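Quick note: the coordinates plus some simple rules give every number you see, no bench work behind them. Everything numeric here is computed off the predicted structure, so don't read it as measured data. Neighbour counts are summed over all protein chains in view; Cβ atoms, including those assigned to glycine, are modelled from backbone coordinates with ideal geometry.
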Amino acid sequence: MHSTFSDGTLTPFELIERAKSLKLSGISITDHDSVLAYTPDVFDFASEQEIELMTGVEFSCRFEETTIHILAYNFDPLADSIVTLCARHVQRRERRNKTILERLRGKGIIIDYDELVNSAKGAVGRPHIANALIKKGIVSTIQQAFDQLIGDSSPCYVPGESVTIPETLEVIHQAGGKAFIAHPHLVRKKKMVSRIVDLKIDGIEVYYAKFPPHRESGWLAMAKEKGLLISGGSDFHGDYKEKNPMGCSWVNKEAFNKICQ
Ligand code: AMP
Ligand code: ZN
């Protein structure tokens, strides 16, 4: 799930409170390209609330011209490798966001860069740009912003610089973490998932958002066949993705503990 350090609308503390009220026993906050959620105060609050908090982050990668998200779990958030990769993503996002805003300006839509940066605390991305477009009255929903302007096949889309999957996996492993392919359900070319998984990936996000069991069984079979770990998550973003309520997808304690080992 995502916090205000990327494109979520709840703070890490609010995520923990909500998890407690939903009677979840453990969670991971997996902001895009940022580990700023993981402060000592947040860990203390999680233990006060008796919520097991596993470190997490969702790294953006490029594989064969496609954006692939890699989830890292149970790593040291202060490890040099992780901190350095997150800093590289901040710079990548800065340059990319500026280019997206230039493309929008070409269409007569002016969004102030400083205002955009001030709207988020960590990784600033397209959902923040979508929000700015709503505030300006250019579109009325996030979906419309993606469909008409900034989605992958839309006129103002900019892929930005890429970070490869192998270099991301190396960083995660150096920090003692485990790497999972995120939401394979959303990858259009299914054979690509198999090729990615063979790149020293530790697990597959088998359970994702509100996908039905028949959309999970293939990924479960792949995880079993390749001897990989299993993860699951709601991809909760608060108001940014209202269709994914917290807890809509999950794994049992056995699977959670295997990731923590
Ligand atoms: P970024 O990391 O800046 O490229 O933004 C990616 C995020 O934008 C994804 O994680 C989604 O939350 C959101 N997103 C991507 N494509 C769409 C879409 N077509 N409609 C709505 N949200 C999207
Ligand atoms: Zn993702």
Checklist entry - Counting only residues 5 or more places away or on other chains, whose amide H sits under 5 Å from the amide H of Gly26 once H atoms are built in the peptide plane? => result Glu52
Item to check | Integer Hz, Karplus 6.51/-1.76/1.60 couplings in order for segment 159-168, x for Gly and Pro | outcome: x, x, 6, 10, 10, 7, 5, x, 5, 5
Checklist entry - Shape of segment 79-122 from its Cα gyration tensor (a ≥ b ≥ c, root eigenvalues): rounded if a/c is under 1.5, otherwise prolate when a/b > b/c, or oblate? => result oblate
Checklist entry - Ranked from highest to lowest mean number of other Cβ atoms within 10 Å per residue, what is the order of the peptides 136-142, 29-35? => result 29-35, 136-142
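May I ask you to compute the full-extension gain from Thr39 to Cys260, defined as 0.36 nm times their residue separation minus their alpha-carbon distance, rounded to one decimal in nm? Could the numbers behind the result be given before it?
Details: separation 221, 0.36 × 221 = 79.56 nm, distance 1.87 nm.
Working it through step by step, the gained length comes to 77.7 nm.
Set the Förster distance to 51 Å, then compute FRET efficiency between Glu48 and Lys190 from the Cβ-Cβ distance, nearest 0.05.
Values: r = 43 Å, r/R0 = 0.85.
Result of the calculation: an efficiency of 0.75.
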Next on the checklist: Just want the answer: with Cβ charges of +1 for Lys and Arg and -1 for Asp and Glu, which residue in Ile204, Ala19, Leu169 is farthest toward the dipole's positive end in the chain?
Outcome noted: Ile204
Item to check | Degrees, to the nearest 10: 126-135 long Cα axis against longest axis of the chain | outcome: 50
Checklist entry - How far apart, in nm, are the 7 Å Cα→Cβ label points at Ser140 and Arg103? => result 2.5
Next on the checklist: Please compute the modelled spin-label separation between Val83 and Glu17, points set 7 Å along Cα→Cβ, answer in nm with one decimal.
Outcome noted: 3.0
Checklist entry - Using modelled backbone amide H atoms (1.01 Å from N, in-plane), which distant-in-sequence or interchain residues come within less than 5 Å of Asp7's amide H? => result His32
Item to check | Set of lysines near Lys20 by C-alpha distance (under 28 Å), chain-local residues within fewer than 8 positions excluded | outcome: Lys121, Lys178, Lys210, Lys241, Lys243, Lys253, Lys258
Item to check | Antiparallel %, DSSP beta bridges [both residues in the chain], to 5 | outcome: 50
Item to check | segment 39-149: Cα Rg divided by the 2.2 N^0.38 Å rule of thumb | outcome: 1.30
Next on the checklist: Counting C-alpha atoms alone, how compact is the chain: give Rg to one decimal and Dmax as a whole number, in angstrom.
Outcome noted: 17.9, 53
Next on the checklist: Give me a comma-separated list of calculated 3J(HN,Hα) values for segment 233-241, in order, Karplus coefficients 6.51, -1.76, 1.60 applied at θ = phi - 60°, integers in Hz, x for any Gly or Pro.
Outcome noted: x, 7, 6, 5, 10, x, 5, 6, 9
Item to check | Backbone N under 16 Å from the Asp198 label point (7 Å along Cα→Cβ), restricted to segment 46-80 | outcome: 64
Checklist outcome for this item: Scoring segment 1-136 by relative contact order with C-alpha pairs under 8 Å, at least six apart, yields a percentage of 24
Checklist entry - For segment 173-184, in order, what is each residue's ³J(HN,Hα) by Karplus, 6.51 cos²θ - 1.76 cosθ + 1.60 with θ = phi - 60°, in whole Hz (x at glycine and Pro)? => result 5, 4, 8, x, x, 10, 10, 10, 7, 7, 4, x
Next on the checklist: Give me, ordered by chain and number, the residues 5 or more places off Phe236 or on other chains with an amide H under 5 Å from its own placed amide H.
Outcome noted: His2
Checklist entry - How high is the FRET efficiency between Arg62 and Thr9 when r is their beta carbon distance and R₀ equals 22 Å, given to the nearest 0.05? => result 0.20
